[in-house]
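The values are calculated or read from the model by the stated rules, or taken from the named source; none is laboratory data. Fair warning: this is a prediction, and the values are worked out from it, not measured in the lab. Every residue, glycine among them, receives a Cβ derived from its backbone with ideal geometry; neighbour counts consider all protein chains shown. These area figures cover heavy atoms from the full protein model, side chains too; ligands, DNA and RNA do not enter into them. Shrake-Rupley method; radii C 1.70, N 1.55, O 1.52, S 1.80 Å.
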Amino acid sequence: MSEYYSNAENYEEELIYRDKSTIEKIFSMRTLKTILKSIMWVLVVLVYGMIFFRLCTGKPPKSVSGILWTENVLEAYEEYGNNILIYSHKPVENIAEDGVSGIYDIVYIPAAKTLQMTVRYNKTLSEDYYENELQKRRDEIEDSVIKSEGYDRTQLSTLTDEQRQKYNALIEEKLAASLEENPIEVSDSQYPFVFVLRDNYGKVYNTYEYIADTKTLYYYQRLSFEGIDLFGDGQVSPETLYPSPKPENPAYIFKGPHAAESNEITYLYLDMYYEKDVDVYAEAFSYPLQVYVSEVELEPYDFSKELPAALTEGLNKITVENSKP
């Protein structure tokens, strides 16, 4: 039997372990090492399992991943046919800095001046909207009470029961007055968040068409913004300059090599708002997502498997307006 052990010492340890009682074996170092090793492997499997789950669930469903054939895009396709140029663009930021939203599958159709992308956000953002906004309002009122009533935040934990009751009552009174004057409105829409794009000139693009879907923890919306001229003025049909356009810079296809002479868009940001609380000139609901920068090259997009037969079904059109004066 000793041939199964590297040395006599290991063999002797095995004999000692075998001679131990069941209780002694349970509380032995060998058992402890086995348990710790098993726990380590379980943790490794769980971590990789969670990563795999997030990768699988975070990717948009196919229903909101392809080209949206809107009237504008379809008209451009009917004009140019399969020669129409469509580009993909890698998102500058897949996930917003605050983690609230993400973007995928950006495409640009120059002939239609259309930019499309898929936006993802967690279902709880809409489900828990009222509670979250109520807590924000309460926190703001508490800050104002501390300043106006002379409370010291560092001493709040030392308030007597009577002082604490008075303090809480004051906050609730001011909260009730605030809600009466400016109530928190809740949307009854399944997709209550709306979006606008902003370019480097400060122009706001607030009209888009979309389709939507859900998957596991997330809502997905495929957005199509029109009137976006990434390459600037003076467009001509691509075949006029390049029968088989493969220039270094896709912008040259439409305006020639004199890029400095046109109003080229150098970046675009996507802002997200709750539809009952929109002010496009104020802070957005979440951190802005940088959708496009001109330094990141556009890549040709193969749409051969997405040739249109008709308009995309289920399109909704929306123009985002300020909800409050």
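Brief remarks follow.
- Of the residues making up the range 192-203, those that are open to solvent by 40 Å² or more (accessible area, probe 1.4 Å) and at negative phi number 4.
- Unmet requirement for GLU97, which otherwise passes all of (1) in a helix (DSSP H, G or I); (2) modelled with pLDDT under 90: (1)
- Test set (1) open to solvent by 60 Å² or more (accessible area, probe 1.4 Å); (2) at pLDDT 90 or above; (3) outside any helix (DSSP H, G or I) - GLU140 fails condition number: (3)
- Residue within the range 244-264 that is modelled with pLDDT of 80 or more, surrounded by fewer than 20 Cβ atoms within 10 Å (Cβ to Cβ) and over 26 Å from ILE184 (Cβ atoms) present: yes
- Residue check, TYR218 touching a Lys or Arg at 6+ places or on another chain (Cβ under 7 Å), more than 28 Å from ILE265 (Cα to Cα) and surrounded by 11 or more Cβ atoms within 10 Å (Cβ to Cβ): yes
Per-residue answers, yes or no, for (1) in a helix (DSSP H, G or I); (2) of a type outside the set (Gly, Ala, Ser); (3) in contact (Cβ under 8 Å) with a residue 60 or more places away in the chain:
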{"site": "GLU173", "(1), (2), (3)": "yes, yes, no"}
{"site": "SER178", "(1), (2), (3)": "yes, no, no"}
{"site": "GLY202", "(1), (2), (3)": "no, no, no"}
{"site": "GLU209", "(1), (2), (3)": "no, yes, yes"}
{"site": "SER224", "(1), (2), (3)": "no, no, yes"}
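- Residue within the range 110-128 that is within 19 Å of ALA284 (Cβ to Cβ), open to solvent by 80 Å² or more (accessible area, probe 1.4 Å) and free of Cβ contacts under 8 Å to residues at least 24 places away in the same chain present: no
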